[in-house]
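Nothing in this text is a laboratory measurement; each read-out follows from the coordinates by a stated rule. Note that this is a predicted model, so its numbers are computed, not measured. Here Cβ is always computed from backbone atoms with ideal geometry, including for glycine, and neighbour counts include all displayed protein chains.
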Amino acid sequence: MSTITIDPITRIEGHARVTIQLDEQGEVQGARFHVTQVRGFEKLCEGRPFTEMPALMARICGICPTSHLLASSKACDDIMAVRIPETAEKLRRIMNLAQIIQSHALSFFYLSSPDFLLGMDADPEERNIMGVVRKYPQMARDGIKLRQFGQRVLETLGGKRVHPGWIVPGGVSHPLQAEQRDQILAEIPEAIRITRGALQWFKGQIESFRAEVRSFANFPSLFLAMANDSNEFSAYNGWLRFIDANLNIVADHITGTDYLNYIGESCNDDSYLKSTYFKPLGLADGIYRVGPLARLNMCQSAGTMQADEELAEFRELERHSVLSSFYYHYARLIEILFSIERMETLLHEAEILGKNVRAHASPNNFEGVGILEAPRGTLIHHYRIDQNGLIESANMIIATGHNNLAINHGVFQVARQFVKSQKLEQGMLNRVEAVVRAFDPCLSCSTHAAGMMPLDIQLIAADGTMIDRMRR
Amino acid sequence: MPRALLIGYGNTLRGDDALGPMAVERLRALMPQAEFISCHQLGPELAERLAAFDCAIFIDAACDGEPGTVQAMRLSPTGGETSSITHHVHPGALLELAHTLYGSAPRALLVTGVGASFENHEGLSEKGREALDEICRLAPELLAELSL
């Protein structure tokens, strides 16, 4: 048996490796996605006061600190047993939407657009964001502008773009000012224009990526996302629901008190990233996906006008659920549109400038769970405290962990489709990386990886000799 | 008068890596005609603002060289490491972004001070303070030369 190693996968958040095993005939026999380093926030927070958790957990990641801040604060709300003021909840929802916008814009424009614009087979020296800047400057300007919009909202509300500290247990630390609201509202028309333009452009490109649509983690699986009574898109409030590939509800009304009955976690010998699975079906059959694709499959409507029009068109891609993970990119753009529209609605509500934005309480529970939809998917923070309010244990299940089984299946599927010979080719390798990129994994969040390694891909024959090697 | 921007960047929790942000804080009072940005890392979102200036000085900490010394290097808008710009952009790449996307890139210098300690703590080492003093002494002169 031979092994091809792609190390690290480029243009993702964090650092990972893929190995592809070939049999004696040179056919792909297996493929694995490995996350190579660990950061261990679950352990290092033990013994800290629970009130420190939001600020501490935000340091897990520089791309999604707001998501961790929100989930952590929700877990602390649960420990204090408080119902946060209505204004605070709406402000938190705006923060979550801004985080979705900036993160999705980064994924689509900065990380994945080189594949769409320059081609999967393009020279990797050119197939990067600077290649896009040089050949498609308007697309690059739009991407920067859209991400900047999301970041500016985070900065306006939270005080800074990365690691804002404004979200606290019980609500938020201070109210929104009218001029801040107006400043955000003034930027919304441009953000919508850019997003609609990107959607139109991407829909026009799909036909060119038929092979990728067919093979990029395209298989029936369960989907997990937040749900609510109205069956509208939900990113902050609600319960968890599993649906199957035919859109049937498999498990519903899952909350912080019983999620462990439905979500199992499995450790892997070759990766620091745990694999989660739908417990009633077991590890072998319990594969599911989270994130934009799952959320759009889950909801019956987005709840905003323009996003609903796009969602209706998205639904026409397939009879039941949309199964190809290539469409994560498409779903991301629709979610950006939704997020901007929903943000505008929230900002126009009268109570958004309300002054009562924080509830105060001491711990009233020894346990708290915070769940929300982060850009990449369902995020769960679960803390247990002692009688002094110090953390006894923490469990965090992050989107990339939920998607780990699906990413592995996807890597195998793409490798089988595109790895055909014993000679490595850039386009083939890039497609293996691109299927991982479609999930937009954030490895700093999911295992707390750090460091940058060079790309080193080796093709090793059954007798152990190296047939081919590629480095960058 | 040429419009001038000074950008100091670095991690204020990693010892001498704070040189850039600390230089900016000190220079604000000394150079009222200039504008300043203090940030953790350079991101592509800075390109549009950068394009509006005639001159720019990037101030960063370095770990290679004799601790306490300072170097100034003229930058051109020619990229650098550009495969990923999600977390950090090289100043040259940022100038290229400004030029290509927004039609103009300022004349620019990269001024680096060599630090001695980059461990997890706040505050500069003795050598870091020497470099900071030198950067703050040189910056007005360098900007004047750049503005000619």
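Note on the stretch A:68-88 and the stretch A:104-135: Cα centroid distance 39 Å, given to the nearest whole angstrom. Looking at the P(r) of the stretch A:292-370, how many percent of alpha-carbon pairs lie beyond 14 Å? Everything past 14 Å amounts to 69 percent.
Normalising by residue count, the stretch A:224-338 has a Cα convex hull of 120 Å³ per residue.
Computed from Cα positions, the angle between helix A:86-105 and the longest principal axis of chain A comes to roughly 20 degrees. Diagonalising the gyration tensor over the Cα atoms of the protein assembly as shown and scaling each eigenvalue by 5 before taking the square root yields semi-axes of 37, 32, 25 Å, largest first.
Would you work out if the stretch A:1-135 is rounded, prolate or oblate? Take a ≥ b ≥ c from the square roots of the eigenvalues of the alpha-carbon gyration tensor; rounded if a/c is under 1.5, else prolate when a/b is larger than b/c, oblate otherwise. Oblate. In loop segments of the stretch A:287-381 as defined by DSSP, the GluC sites (Glu not before Pro) with at most 15 further C-beta atoms inside 10 Å of their C-beta are A:316, A:318, A:349. For labels at residue A:268 and residue B:76 in the simple 7 Å Cα→Cβ model, what's the distance in nm? In this crude label model, residue A:268 to residue B:76 measures out at 4.5 nm.
Across chain B, C-alpha contacts under 8 Å between residues 6 or more apart give a mean separation that, scaled by the residue count, equals a relative contact order of 31 percent. Relative to the longest principal axis of the Cα atoms of chain A, the long axis of helix A:328-348 lies at roughly 10 degrees.
Find how much the distance from residue A:206 to residue A:362 grows on full extension, using 0.36 nm per residue of separation minus their present alpha carbon separation; answer in nm with one decimal. The partial results should precede the final answer.
Working: separation 156, 0.36 × 156 = 56.16 nm, distance 5.31 nm.
Extra length available between residue A:206 and residue A:362 comes to 50.8 nm.
Please report the orientation-averaged projected area of the stretch A:90-168, defined via the convex hull of its C-alpha atoms, in nm². Spell out each step's value before the answer.
Numbers: hull surface 22.3 nm².
Result: a mean projected hull area of 5.6 nm².
Convex hull volume of the C-alpha atoms in chain B, normalised per residue: 99 Å³.
When the GluC sites (Glu not before Pro) in the stretch A:22-116 are filtered for DSSP coil states and for at most 15 other beta-carbon atoms within 10 Å of their beta-carbon, the remaining sites are A:24, A:27, A:46.
Give a quick list of trypsin sites (Lys or Arg not before Pro) in the stretch A:323-414 that DSSP marks as loop, anything other than H, G, I, E or B, with at most 15 other Cβ atoms within 10 Å. Mind dumping the intermediate values first?
Working: sites: A:332, A:342, A:355, A:358, A:376, A:384; in loops: A:355, A:376.
Counting only loop positions with at most 15 other Cβ atoms within 10 Å, the trypsin sites (Lys or Arg not before Pro) in the stretch A:323-414 are A:355.
Taking amide H as placed 1.01 Å from N in the peptide plane, the amide H of residue A:171 sits under 5 Å from that of A:359, each at least 5 places away or on another chain. For chain A, adding -39500 (n - 2.57) for each run of n ≥ 4 DSSP H residues and dividing by the number of residues yields -12500 deg cm²/dmol at 222 nm. An ellipsoid equivalent to the stretch A:364-409, defined through the eigenvalues of its Cα gyration tensor, has semi-axes of 28, 11, 6 Å when rounded to whole angstrom and sorted largest first.
Compared with the dominant principal axis of the Cα atoms in chain A, helix A:404-418 is inclined by about 30°.
Return the whole-Å distance between the Cα centroid of the stretch A:319-363 and the Cα centroid of the stretch A:178-252. Rounded to whole Å, the Cα centres lie 10 Å apart. Taking a straight line from the alpha carbon of residue A:203, these lysines sit under 22 Å away, with near neighbours fewer than eight places off in the same chain left out: A:135, A:145.
For the stretch A:159-240, compute Rh as the Kirkwood radius over C-alpha pairs and then the Stokes-Einstein diffusion coefficient at 4 °C and 1.567 mPa s; write the answer in µm²/s, rounded to an integer. It would help to have the intermediate numbers written out before the result.
Details: Rh = 17.8 Å.
So the translational diffusion coefficient is about 73 µm²/s.
Within chain B, which is the longest segment containing none of the GluC sites (Glu not before Pro) that sit in a DSSP loop and have at most 16 other Cβ atoms within 10 Å? By the stated rule (loop sites, at most 16 other Cβ atoms within 10 Å), B:1-80.
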